[in-house]
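The values are calculated or read from the model by the stated rules, or taken from the named source; none is laboratory data. What you see is a predicted model; the values in this text were computed from it and never measured. Cβ: placed from backbone, ideal geometry, glycine included. Neighbour counts: every protein chain shown. With ligands, DNA and RNA removed, areas are computed over all heavy atoms of the protein, side chains included. Shrake-Rupley method; radii C 1.70, N 1.55, O 1.52, S 1.80 Å.
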Amino acid sequence: MDIIAILNQVDAFVWGPVMICLLLGSHLFLSFRTGFIQRKLPTAIRLSVAQDEDAEGDVSQFGALATALAATVGTGSIVGVATAILAGGPGAVFWMWITGVFGMATKYTEVYAAVKYRVKDSRGEMLGGAMYAWERAFKRPDGSTPRWAHTGAVLFCLFAIVATLGTGSAVQSAAMTGIIESSFPGVPAAAIAIIIALCVALVIFGGVKSIARVCEKLVPIMAVVYVLGCAIILILNAPYVGPAIATIFECAFTPKAAFGGAVGSGIMVALQYGCARGLFSNEAGLGTAPIVAAAAATRNPARQALVAMTGAFWSTVVICAITGIVLTSTLLANPGIIDGGTITEGAALASAAFSSIPYVGTPILVLGMVSFAYSTILGWSYYGNRCVVYLFGQKGTRPYQVIYVLVGIAGALGVGDVVWTISDIGNALMVIPNIIIVLALSGIIARETKHYVYDGHLDEADDSEIPVVSAR
């Protein structure tokens, strides 16, 4: 058995039923533990466009949210939905939506922990995430950290760095190159790779403020344009929208074939693929969003945690749901797209479905894929950057950024499947130390949430001292 086959088996195992149960179970547990914090969504959305003028932080609350959304709303919001429908049937869209709803509680909890246990470096910049929660939450009275807690922090950072280089850089660059080459035949991949590298380097070398500044402008525009484009498709597909929604709900709870019998599955398969793609889409439990959320200027952890949980709502409950209805309605209108059985991958299904819409379908797909992939590259670069700083100090920042750009070039030029698979494994493995610390701290977070959120003290400032860590 070759190395790729072994890696594929490992990948299938780590993202198998055990991981789905771990994440979905955590979503459900934390929903109960936080008193179903999801019901505070209107407050969370209001806070996301507000600013805590006097609070400590490097970026605004919205800037942190936009950067996290930039990383979250990626090609998976289009191709991932198509993959779920192709493998699990239309009912998978419903289960993606459910993971988004319950994932909001996990997103809230992990971000709360990141802000509560964040630190500052010697330059005054905020650092936070699962690694610092591990370091600070279990400190002994003498200020030392147990070796097992430090190990949890190091493992999270190592797995995250692997994931950022693959998922954040190579995979997204490859997606951008593929969609541009298919839409504009004759454009050399090398030229596309150089342009991507320049566009990425110009932003990420400027640090978190530069990334947040671009994401604050890019994310709302790309999301609104994509949603408006999908709305046009839904208007053109108007006779099929109602049946599409009905089909999604039917297939979620009953074994039913769809699209002329070309796609169909049992309830468990729809549940498995819907949850898997939904969990990957909103990244709740992955530990990524808390890294940038810790840099936000917020007067207490609950405020930024509420803002951050809207990310799962926008990425999965809104964007993925709209994409699912667009694809399902289009396939109902044009079942011949997959009747021939020639389409076996999500990217091909998305391309065929969108291109079947006259005039607007292909431009919407191209614009969505390119902008979503580019924003993901920017967001994930920050995640890896902060993990490198934790392990190696500020001296590791520039080498990491250079490697990140070079890996993106390699992805655009076409690298082997091994990069995709290794990064996917890293994605799954970083969940484990993140979920462990989130669950371990859920009790204290639940108590403080009651004080801040449910007892009406959201405007109260947390005056706890933020420690300054020495540079390595």
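In square nanometres and to one decimal, what's the mean projected area of the convex hull around the Cα atoms of the range 161-209?
Working: hull surface 15.4 nm².
Approximately 3.8 nm², given one-decimal rounding.
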Can you tally the lysine pairs in the chain where the Cα-Cα distance is under 30 Å and the two residues are eight or more apart, or on different chains? 27
If I take every Cα pair under 8 Å that is 6 or more residues apart in the chain, average their sequence separation and divide by the length, what percent do I get for the relative contact order? 37 percent
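Whenever you get a sec, compute what percent of the accessible area on the chain sits on carbon and sulfur atoms (1.4 Å probe).
On the way: 12170 of 18150 Å².
Result for the chain: 67 percent of the exposed heavy-atom area is carbon or sulfur.
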If I measure Cβ to Cβ between cysteines in the chain, which ones have no partner under 4.7 Å? Cys21, Cys199, Cys215, Cys230, Cys251, Cys275, Cys320
Taking Val224, Val405, Val307 and ranking on accessible area (1.4 Å, protein atoms only), highest first, one gets Val224, Val405, Val307
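Using a 1.4 angstrom probe, figure out how much accessible area the chain has per residue, in square angstrom, rounded to the nearest whole. Spell out each step's value before the answer.
Values: 18150 Å² over 472 residues.
I get 38 Å² per residue for the chain.
Using the Kyte-Doolittle scale, find the helices of the chain whose mean hydropathy is at least 0.5 and whose Cα atoms extend 27 Å or more along the helix's long axis, counting only whole DSSP H runs. Before the final figure, lay out each step's value.
Details: long enough: 91-116 (38 Å, 0.73); 208-236 (41 Å, 1.91); 361-392 (46 Å, 0.99); 417-449 (45 Å, 1.31).
Sorted by number, the helices that extend far enough and score high enough are 91-116, 208-236, 361-392, 417-449.
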Scattering profile of the range 78-192 at q = 0.11, 0.12, 0.20, 0.22 Å⁻¹ [log10 I(q)/I(0), Debye over alpha-carbon scatterers]: -0.66, -0.75, -1.13, -1.19
Most packed first (mean Cβ within 10 Å per residue), the peptides 463-469, 87-93 order as 87-93, 463-469
Using only alpha carbons, build the gyration tensor for the chain and give me the equivalent ellipsoid semi-axes, biggest first, whole Å. 35, 25, 21
